[in-house]
Amino acid sequence: MNNIESMERLIYAFTRLPGVGRKTAERYAYRVLELPDEDVTNFAKALVEAKSKVKFCTQCGNFTENDLCDICRTRHSDVICVVKEPKDIVAIEKSKNEGYLYHVLHGTISPMENRGPNDIRIKELIGRLDGIKEVILATNPDVEGEVTANYIAKLIKPLGVKVTRLATGIQMGSDLQYADEVTLTKALQDRKEM
Ligand SMILES: [Zn+2]
């Protein structure tokens, strides 16, 4: 863009977002110039504020602005649903479920990427099992998700907690967050004991 330095910086900033290539970033940058000053200021503020305020729930690992997330603070259940990332909670909350507690692993075990059980929040999960009757392993139905689910099942079953896995129906290799509501509801209802 005629080497206008500030515009180049803005375009580069947009290309940092998923699915935004150079062309789209340029379109966004032009649009920003057309917006009222107030909108642009609010946009910039919202970015900085979200980044500085949003952190992880100390108990379940979900996004929150507080020490504990809303679900941990208000919900009572003896079932914990274990997911890979906070986005998966949003997907499961949209399905018809019985109001589980959650536990976010923040990753999966991946020998390929040199990530072992100690690199994700498994210890924290084990520390939460007092009074819990069932753990639903809702990691993605891909290789890493299966490896992680099997590893956790082996750890937890001897502790006398029922361990279940989402029923198949969600396409193998796909991401939980892209499963539609009906499929996800069914996968939860038909979950199988491991
Ligand atoms: Zn929480």
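Numbers at a glance
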{"read-out": "Candidate set: the stretch 42-56, residues that are open to solvent by less than 70 Å² (accessible area, probe 1.4 Å) and out of contact with any strand residue (DSSP E or B) (no Cβ under 6 Å at 6 or more places or on another chain); chosen: the one nearest to Leu68 (Cα to Cα)", "value": "Ala50"}
{"read-out": "Flag for Asn114 being assigned by TED's automatic domain parsing to the domain that holds Asp180 and open to solvent by 90 Å² or more (accessible area, probe 1.4 Å)", "value": "yes"}
{"read-out": "Residues (of a type outside the set (Ser, Thr, Tyr) and buried (at least 16 other Cβ atoms within 10 Å of the Cβ)) located in the stretch 64-86", "value": "Cys69, Ile71, Cys72, Val79, Ile80, Cys81, Val82, Val83, Lys84, Glu85, Pro86"}
{"read-out": "Any helices (runs of 4 or more DSSP H) falling wholly within the stretch 119-194 and containing at least 1 residues that are modelled with pLDDT of 95 or more, surrounded by 20 or more Cβ atoms within 10 Å (Cβ to Cβ) and assigned by TED's automatic domain parsing to the domain that holds Asp88", "value": "122-126, 143-156"}
{"read-out": "Subset tally (residues that are more than 12 Å from the ligand (Cβ to nearest atom), over 15 Å from the mean Cα position of the chain (by Cα) and hydrophobic (A, V, I, L, M, F, W, C)) for the stretch 58-85", "value": "1"}
{"read-out": "Condition met for Glu5 (open to solvent by 100 Å² or more (accessible area, probe 1.4 Å), in contact with a strand residue (DSSP E or B) (Cβ under 9 Å, 6 or more places away or on another chain) and not small (Gly, Ala, Ser))", "value": "no"}
{"read-out": "Count - residues of the stretch 16-41 that are within 28 Å of Glu85 (Cβ to Cβ) and open to solvent by 50 Å² or more (accessible area, probe 1.4 Å)", "value": "6"}
{"read-out": "Single condition Asn97 does not satisfy, out of (1) of a type outside the set (Lys, Arg); (2) more than 9 Å from the ligand (Cβ to nearest atom); (3) under 21 Å from Asn150 (Cα atoms)", "value": "(3)"}
{"read-out": "Subset of the stretch 27-78 [within 27 Å of Leu101 (Cβ to Cβ) and of a type in the set (A, V, I, L, M, F, W, C)]", "value": "Ala50, Val54, Phe56, Cys57, Cys60, Phe63, Leu68, Cys69, Ile71, Cys72"}
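The values are calculated or read from the model by the stated rules, or taken from the named source; none is laboratory data. Only a predicted model underlies this, so the values are computations on that prediction, with no experimental measurement involved. Please note: Cβ atoms are built from the backbone with ideal geometry, for glycine as well, and neighbour counts cover all protein chains shown. Calculation scope for accessible area: heavy atoms of the full protein, side chains included, ligands and nucleic acids excluded. Shrake-Rupley method; radii C 1.70, N 1.55, O 1.52, S 1.80 Å.
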